[in-house]
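Student: Once you've had a glance at the structure underneath, I'll fire off some questions.
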Amino acid sequence: MQRDTEKRKHKRIEKPFIVKLHAIPNKTNGRISPDWDMVVARDLGAGGVFFYTSKNLVVGTLVDLRIGFSTSIPPIKCIGIVVRVKEQPDTSIFGIATAFTKIDEQEKELIKKTAEEVSKQENHNYTPQFNSVFSSPPSAPSLG
């Protein structure tokens, strides 16, 4: 359901998927680990992605992204810029919103098309048909 106050230009895919990321070093963010981090994101649109991480990335940081929202195609390769950081209370976890600054137009269209399909399926209470990296969230162990 889209609210009247919604500012997004693109429909979102609000399903779990894997994102590999690496901060791109520059003069302002100093020394950054060359390692790739892997996170589970639940919010992807043609304009950007939102994920949670233990890394406190600064607004303006460029990140190299590999987004694997389908097992049937290679990961989407793109560059994004951190536009918002939301610290989670009482944790060392940060919500990171990135806007794509460099993405292949075909991959952007793939995200748009998939978001449209997911939106239609959700409106009709269908299970999405694309091969998500996670078909459903892991279930909690039974206490009894």
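Student: Considering only residues of region 71-92 that are free of Cβ contacts under 8 Å to residues at least 12 places away in the same chain and more than 16 Å from V19 (Cβ to Cβ), which is farthest from the chain's Cα centre (by Cα)?
Tutor: Filtering first and then ranking leaves D90.
Student: With the requirement that a residue be modelled with pLDDT under 90 and either at positive phi or not aromatic (F, W, Y) (or both), what does region 11-22 give you?
Tutor: K11, R12, I13, E14, K15, P16, listed by residue number.
Student: Give region 57-89 a look and list any residue that's more than 20 Å from T101 (Cα to Cα), out of contact with any Gly (no Cβ under 9 Å at 6 or more places or on another chain) and surrounded by fewer than 16 Cβ atoms within 10 Å (Cβ to Cβ), or say none.
Tutor: Answer for region 57-89, where residues must be more than 20 Å from T101 (Cα to Cα), out of contact with any Gly (no Cβ under 9 Å at 6 or more places or on another chain) and surrounded by fewer than 16 Cβ atoms within 10 Å (Cβ to Cβ): T71, S72, I73, P89.
Student: Can you report the number of residues in region 33-56 which are loosely packed, with under 15 Cβ neighbours inside 10 Å and not in a strand (DSSP E or B)?
Tutor: 6
To keep it simple, each residue is scored yes or no on (1) more than 20 Å from I24 (Cβ to Cβ); (2) modelled with pLDDT of 95 or more; (3) of a type in the set (F, W, Y); (4) in contact with a strand residue (DSSP E or B) (Cβ under 7 Å, 6 or more places away or on another chain).
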{"site": "M38", "(1), (2), (3), (4)": "no, no, no, yes"}
{"site": "A46", "(1), (2), (3), (4)": "yes, no, no, no"}
{"site": "G60", "(1), (2), (3), (4)": "no, no, no, yes"}
{"site": "F69", "(1), (2), (3), (4)": "yes, no, yes, yes"}
{"site": "K102", "(1), (2), (3), (4)": "no, yes, no, yes"}
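Student: Tell me which residues, restricted to region 53-83, are under 23 Å from S119 (Cβ atoms) and not hydrophobic (A, V, I, L, M, F, W, C).
Tutor: Correct list: G68, S70, T71, S72, P75, G80.
Student: Within region 94-114, count every residue that is under 16 Å from V58 (Cβ atoms) and either surrounded by 14 or more Cβ atoms within 10 Å (Cβ to Cβ) or touching a Leu at 6+ places or on another chain (Cβ under 6 Å) (or both).
Tutor: Qualifying residue count, region 94-114: 5.
The values are calculated or read from the model by the stated rules, or taken from the named source; none is laboratory data. Everything quoted here is computed from the prediction, not taken from an experiment. Reconstructed Cβ throughout: ideal geometry from the backbone, glycine too, with neighbour counts over all protein chains shown.
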